[in-house]
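Here is the structure we will look at.
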Amino acid sequence: MLITDLCVGCTRCVPYCPSGAISIGKDKKAHIDRNKCVECSVCYNNANCPVNAIQPEELEWPRSVREVFATVYKEHKQTNVPGRGTEEMKTNDVTGRFRPGEVGFSVDMGRPGVGVDLKDVEKLTMALAKVGVEFEPLNPLTFLMSDKKTGKLRDDVLSERVHSCIPEFKIKEEKFPEVLETLQRVSKEINSVFSLGICVKVNPDGSVPIMKYLNEHNIYYLPNGKTNIGIGKPAAKF
Ligand code: SF4
Ligand code: SF4
């Protein structure tokens with residue numbers, strides 16, 4: 001919250017806002033565009049306002065959604081997942097979430113510093129649902145869906161804008177090209193950006209199952225391997 005009456009117009013806070021939501025008005029005081037603001041608290045935590053005109057605020061639902069998606073130390077009460085997503089594939093050796101023949105996706109939307117409207121996120125999740133993806137139930141965005149089969153988000157959050165969020169899902173490998181084509185199509189229909197994290201199990205011969213599809217679709221990739229030695233054993237038989 002910015003208490004305009006206290007502001008002395010020093011402009012110190014303006015460049016701190018990652019969303020470009022703070023501007024100096026004709027009254028020579030700072031103002032926050034509430035539609036652009038993603039409630040990240042960067043202005044409060046870093047600008048060091050000389051007159052304490054920027055102060056924390058207890059946010060009501062559904063605006064509180066913005067704050068949780070912008071601050072990793074805030075937990076979604078319903079999932080106990082802090083911030084935007086889950087551990088994804090990082091703990092697959094313990095969770096066994098992704099198995100041979102399956103492909104896991106995390107779609108990192110709105111970063112860096114762009115932000116994304118949840119109604120644009122819904123465009124993407126609904127298009128993916130038509131392909132038949134399985135959304136990750138512990139992801140906080142999945143919790144915001146009123147219908148996980150269609151990818152529809154709750155109506156009361158559709159006017160909210162978040163710093164970033166990560167739709168997470170998995171598919172059978174044979175659906176991989178269709179998912180890529182869907183993501184490429186929707187990327188032209190939304191007013192934001194996203195990058196993809198894709199997880200597969202490497203074949204016994206060392207080849208990676210999806211590489212040929214990425215090459216066919218001219219998608220630039222950085223392959224990363226991850227090996228946990230002795231940290232945990234699979235929760236289920238692979
Ligand atoms: S830092 Fe404080 S006083 Fe300076 S422009 Fe921002 S709100 Fe106003
Ligand atoms: S809370 Fe974040 S987005 Fe909102 S005005 Fe401050 S820095 Fe900008």
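The values are calculated or read from the model by the stated rules, or taken from the named source; none is laboratory data. Keep in mind it's a predicted model, so treat the numbers as computed, not measured. Cβ coordinates were reconstructed from backbone atoms using ideal geometry, including for glycine residues, and neighbour counts include every protein chain displayed. Ligands, DNA and RNA are stripped out before the accessible areas are found, and what is left, the full protein with its side chains, is counted by its heavy atoms. Shrake-Rupley method; radii C 1.70, N 1.55, O 1.52, S 1.80 Å.
See the values below:
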item	result
Fraction of accessible area attributable to carbon and sulfur, segment 1-57 (%, probe 1.4 Å)	50
Residues R12 and L196, FRET efficiency given R0 of 25 Å [Cβ-Cβ distance, rounded to 0.05]	0.10
Degrees separating the helix 176-187 axis from the principal Cα axis of the chain, which is the longest one	20
Reachable aspartates and glutamates from K26, criterion Cα separation under 15 angstrom, eight or more residues apart if same chain	D5
Chymotrypsin sites (Phe, Trp or Tyr not before Pro) lying in DSSP loop within segment 35-131, provided at most 12 other Cβ fall within 10 Å	Y73
Label-point separation, K90 to K74 (7 Å along Cα→Cβ), nm	2.0
Assigned charges on the beta-carbon of Lys, Arg, Asp, Glu; segment 1-95 dipole about Cα centre (debye)	400
Residues of the chain: accessible area per residue with a 1.4 Å probe, Å²	56
Shape category assigned to segment 76-216 from the gyration tensor of Cα positions, a/c cut at 1.5	prolate
Residue pairs, from the table K130/K201; K152/K201; K123/K212; K170/K201; K130/K170; K74/K123, whose Cα atoms sit over 18 Å apart	K130/K201; K152/K201; K123/K212; K74/K123
0 to 90° range, to nearest 10: angle between helix 118-131 axis and the chain longest Cα axis	10
Within a Gaussian network of the chain (alpha carbon springs, distance under 10 Å), most fluctuating of G25, G115, G104	G25
Proximal charge balance of P56 [Cβ under 13 Å; K/R count +1, D/E count -1]	-3
Sorted peptide list for 16-24, 160-168, 120-128, criterion being average Cβ within 10 angstrom, highest first	160-168, 120-128, 16-24
Whole-percent carbon and sulfur share, accessible surface of segment 80-172, 1.4 Å	55
Residues with amide H under 5 Å from that of H76, placed H, sequence gap 5 or more	V81, G83
Peptide ranges 183-193, 137-147 listed from the most packed, as the mean C-beta count within 10 angstrom indicates	137-147, 183-193
